[in-house]
Amino acid sequence: LPATFDWRDQSAVGSVQNQQACGGCWAFSVVGAIESVYAKSGQPLKQLSVQQVIDCSYKNQGCNGGSITRALSWLKQTRVKLVKQAEYPYKAETGICHLFSQSHDGVLVKDFAAHDFSGLEEAMMGRLVEWGPLAVTVDAISWQDYLGGIMQHHCSCHHANHAVLVTGYDTTGDVPYWIVQNSWGTSWGNKGYVYIKMGDNVCGIADSVTAVFL
Amino acid sequence: SFRKQFHRNYKLHSDCYHRRRSYFKNSIKRHAYLNSLSTDKDSAKYGINQFSDLSINEFRDLYLTATAETVPPYSGLKTEG
């Protein structure tokens with residue numbers, strides 16, 4: 001494995017989004033993963049609709065919360081195509097699901113894999129490089145006050161409550177860290193990213209790791 | 001300064017202002033505690049950001065809304081399909 005790796009360097013990661021006053025982090029991480037895997041396959045990076053997932057993934061609660069795996073199960077089972085963001089723009093509130101015909105252009109999720117990598121973060125590095133950016137859940141209670149740097153302490157792994165996208169890692173310094181894209185805008189953290197120490201399952205980053213296959 | 005930077009429009013000395021000021025003060029205390037234990041060069045830094053006038057409960061209710069399903073341990077075997 002390379003000592004440092006970031007899917008942003010392959011132009012396979014969308015820009016940092018801002019979920020605003022909507023608890024739709026789970027949809028942002030799912031759609032971010034799909035965008036990246038789509039771009040990884042050689043297609044141009046395109047922004048897909050988070051609002052479609054929020055409105056239509058009926059087993060989740062829209063802006064009141066949801067789960068990565070439930071959203072991906074819905075996409076896989078219904079074979080709903082994810083349309084472009086421009087066709088179904090973000091409103092930061094739950095709305096009525098807009099349906100598109102099956103012939104409408106969009107991205108189809110073929111499958112996904114969700115695993116617990118706690119104690120196996122080196123294997124998780126390999127899967128990140130092979131499969132693409134990974135949608136993960138974390139305990140983000142202490143993220144309220146984060147400004148930047150590598151999060152190494154004060155981040156328990158007891159209760160997952162937030163969903164984000166792991167885009168890379170860096171093991172070249174004294175403290176190896178995961179590179180994680182958040183959905184709280186670019187003014188938060190390191191231009192919208194948080195760095196999390198590797199190896200100790202800090203924030204529970206390895207507890208529930210999901211990869212998408214298109 | 002905070003209100004200007006983060007475009008808060010609650011008026012000075014209103015109920016809302018006092019409540020937000022109280023949450024802001026609590027966040028300053030949290031920053032001092034968190035930074036006192038993060039002394040390494042590369043360690044995370046904690047301080048004032050757009051969430052500093054939210055209570056912990058407000059922050060949790062608004063932004064920490066994801067749930068995680070129990071997933072199997074990674075075995076190294078291919079599971080696609």
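Points to keep in mind about this one:
- Residue mean of other protein chain beta carbons inside 10 Å, B:26-36: 2
- Distant-in-sequence amide H partners of A:Q17 (H built 1.01 Å from N, under 5 Å): A:G185
- Violating pairs (Cα-Cα greater than 29 angstrom) within the set A:K91/A:K191; A:K59/A:K81; A:K84/B:K4: A:K84/B:K4
- B:R21, B:R8, A:R79 arranged by Cβ crowding within 10 Å, fewest neighbours leading: A:R79, B:R8, B:R21
- Both radii were evaluated on the Cα set of the range A:66-118; the Rg over Rh quotient, with Rh as the Kirkwood radius, amounts to 1.02.
- Counting only the Cα atoms, chain B fills a convex hull of 196 Å³ per residue.
- Volume per residue for the range A:99-183 equals 159 cubic angstrom (convex hull of Cα atoms).
- Near A:H158, once Lys and Arg are set to +1 and Asp and Glu to -1 for all other residues with Cβ below 12 Å from its Cβ, the sum equals -2.
- Gaussian network model of chain A, Cα within-10 Å springs - most flexible of A:E93, A:E130, A:E35: A:E130
- Packing-based exposure ordering (other Cβ within 10 Å, fewest first) of A:L82, B:L54: B:L54, A:L82
- Footprinting exposure proxy for A:H158, A:H153, A:H115, B:H31 (fewest neighbouring C-beta atoms within 10 Å first): A:H158, A:H153, B:H31, A:H115
- Calculated log₁₀ intensity ratio I(q)/I(0) where the Debye formula runs over C-alpha points of the range A:153-214, q = 0.15, 0.24 Å⁻¹: -0.48, -1.16
- Taking max minus min of the alpha-carbon positions on each principal axis, the range A:1-76 gives extents of 38, 27, 24 Å, largest first.
- Set of aspartates and glutamates near B:K11 by C-alpha distance (under 16 Å), chain-local residues within fewer than 8 positions excluded: B:D53
- Debye intensity ratio in log₁₀ form over the Cα atoms of the range A:1-132, taken at each q of 0.15, 0.18, 0.20 Å⁻¹: -0.74, -1.04, -1.24
- Semi-axis lengths, largest first, of the ellipsoid equivalent to the protein assembly as shown are 31, 25, 16 Å, with √(5λ) applied to each eigenvalue of the Cα gyration tensor.
Bear in mind these aren't lab numbers, they're just calculated from the coordinates by the rules spelled out. Computed from a predicted model, the values in this text were never measured in an experiment. Glycine also receives a Cβ, built like all others from the backbone with ideal geometry; neighbour counts cover every protein chain displayed.
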